[in-house]
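**Student:** Questions regarding the structure given below will be posed in turn.
The values are calculated or read from the model by the stated rules, or taken from the named source; none is laboratory data. All of these numbers come straight from a predicted model, not from anything done at the bench. Backbone-built Cβ (ideal geometry, glycine too); neighbour counts: all protein chains shown.
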Amino acid sequence: MRNPRLNAALALAAAGALTSTLVACGGVEPASGTTAPASDKKVTVYSGRSESLAKPVLDQFTRATGITVEARYGDTAQMAAQLLEEGDRTAADVFLAQDAGALGAVAKQGMFATLPDALLSKVPDAYRARSGQWVGVTGRARVLVYNPDLVAAADLPASVFDLTGPAWKGKVGIAPTNGSFQAFVTAIRIGQGDAKAREFLAGLKANAAPIRSNNDQIVLDVADGKLAAGLVNHYYVHEIAKEKGVAPDSLKAKLHFFAPGDAGNLVNLSGVGVLASAGNDPDALALVEYLLGTQAQTHFATDVWEYPLIAGVAAAAGLPAFADLKPPAIDLNDLDSLEQTVAIIKESGLA
């Protein structure tokens, strides 16, 4: 199962070809006025994605490039906190994160280098840092997962805020200590204010929303009929189906997207930044290049069921097209106030 709090990625050309052509062929150029250091064929990654998710792609990257990856794993909040504690003494060259908020928190402390335009331009503006200091790798949509034996299609809510109504009392599982739930609440705070976020959380508390530790458990319980519904990220149904060895459509766990623009339709991202202490390290930039290449993006779509962010790679079968998602008008650059969100969730009594 996924790490409950927070993704990974990587792989495209061959070692000498990729590293040397990054500059020679207009791929990744060093920042203006600087000289790229020589490759030492090593890169250290702090991964906020679980080892089971990240290692297969990191291994692909090593096979393709000859660049050895030393990876340290933890949840995204833990890895971000470690980076902030280590500062410019960090051993990390690259940070793989599960959400935009963690990337923003590290960027806010001046710890990321500015990425070359050749990398940033691979991803739509909405899914990269305004500062150019991090870039999205995959998209991750919030949804309501529900059991059709327990919830009629006609009764599905138009808005996530409807879930605080009496019809949903005791029915909607949540994971308030999970990073994706916290990012979702942060988006409510940014988009509609702290008062609205507190009101929503108080409504869930008053409705005795069942608490689970992570998204996996919510989907399992919905599929088994132990929960009527739950708030999760879209790809967990596919993940649980794979673990059970069945097709996603066979599970009694279906995806419901809220009305266009609703707060419940947040599309967050997994993403990557290169540490300023790594400078223009060609090996670190090669890893980012690989993450944003067709091979890695196809892997994310077909094996991880997250949305690829580069053009030309389709989402997994059965999912709405990425362009058809209708998220709220939230700037992902603003999801970096996690501490305030955690405090509000604790105040609500949900965690």
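**Student:** If V137 passes every condition in (1) buried (at least 21 other Cβ atoms within 10 Å of the Cβ); (2) in a helix (DSSP H, G or I); (3) within 22 Å of the chain's Cα centre (by Cα) but one, which one does it miss?
**Tutor:** Unmet condition: (2).
**Student:** Considering only the range 338-345, I want to know if a residue exists there that is surrounded by 15 or more Cβ atoms within 10 Å (Cβ to Cβ), under 16 Å from the mean Cα position of the chain (by Cα), of a type in the set (A, V, I, L, M) and modelled with pLDDT under 95.
**Tutor:** yes
**Student:** Hey, could you check the range 163-192 for residues that are within 22 Å of the chain's Cα centre (by Cα) and small (G, A, S) and say which is farthest from N233 (Cα to Cα)?
**Tutor:** G191
**Student:** Hey, another quick one. Given the options G165, G132, name the one that is among the small types (G, A, S) and in the same structural domain as L53 (by TED's automatic domain parsing).
**Tutor:** Just one listed residue meets the conditions, G132.
**Student:** Out of curiosity, is T35 modelled with pLDDT under 90, in the same structural domain as L275 (by TED's automatic domain parsing) and not in a loop (DSSP other than H, G, I, E, B)? Lay out the reasoning, then the answer.
**Tutor:** Numbers: modelled with pLDDT under 90: yes; in the same structural domain as L275 (by TED's automatic domain parsing): yes; not in a loop (DSSP other than H, G, I, E, B): no.
Criteria not met by T35.
**Student:** Where in the range 38-127 are there helices (runs of 4 or more DSSP H), lying fully within it, with 2 or more residues that are touching a Ser or Thr at 6+ places or on another chain (Cβ under 8 Å) and buried (at least 20 other Cβ atoms within 10 Å of the Cβ)?
**Tutor:** Because the criterion is at least 2 residues that are touching a Ser or Thr at 6+ places or on another chain (Cβ under 8 Å) and buried (at least 20 other Cβ atoms within 10 Å of the Cβ), the helices (runs of 4 or more DSSP H) in the range 38-127 that meet it are 51-65, 76-86, 100-108.
**Student:** Is it the case that some residue within the range 316-324 is part of a loop (DSSP other than H, G, I, E, B) and in contact with a Pro (Cβ under 7 Å, 6 or more places away or on another chain)?
**Tutor:** As a first pass, look at the range 316-324 and keep what is part of a loop (DSSP other than H, G, I, E, B): 316-321.
In the following step, the residues that additionally are in contact with a Pro (Cβ under 7 Å, 6 or more places away or on another chain) were identified as 318.
Within the range 316-324, one or more residues are part of a loop (DSSP other than H, G, I, E, B) and in contact with a Pro (Cβ under 7 Å, 6 or more places away or on another chain).
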